[in-house]
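Asks: One structure coming up, written as structure tokens, with questions to follow.
The values are calculated or read from the model by the stated rules, or taken from the named source; none is laboratory data. Here the structure is a predicted model, which means the values were calculated and not measured. As a convention, Cβ positions derive from the backbone with ideal geometry for all residues, glycine included, and neighbour counts pool all protein chains shown.
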Amino acid sequence: LPAAVLLKDTKLMDVKLGQLGSWLAMRDFTPGGIMGAVRRGYDRYYNKYINVRKGGLGGISMVLAGYVVLSYAWSYSHVKHDRRRKYH
């Protein structure tokens, strides 16, 4: 098999730093390709953390932690503006 075919099927975590540019060039950046990648990522996350026989709080706690970080990032400018300062 050619190296390009193997590189295209390689996961991001297995790509070496020197191969990153050519790996990115092989990705599908059309809206359908991006939606497919998001869907595969969601399915992978769901099957690993949510859809398990003996579930734990790991998956749900990661979603909640992500929500807390995103909501803080979205309101950071408002929080920064309302901070009390020693010198005005």
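Asks: When the range 26-42 is examined, which residues are found to be in a helix (DSSP H, G or I) and surrounded by fewer than 10 Cβ atoms within 10 Å (Cβ to Cβ)?
Replies: Matches in the range 26-42: P31, G32.
Asks: Something else: Regarding V68, is this residue outside the structural domain of K8 (by the TED database), modelled with pLDDT of 85 or more and farther than 29 Å from T10 by Cα? Working first, answer last.
Replies: Numbers: outside the structural domain of K8 (by the TED database): yes; modelled with pLDDT of 85 or more: yes; farther than 29 Å from T10 by Cα: yes.
Answer is yes for this residue.
Asks: Across the range 9-46, what is the total count of residues that are acidic (D, E) and within 21 Å of V63 (Cα to Cα)?
Replies: Qualifying residue count, the range 9-46: 1.
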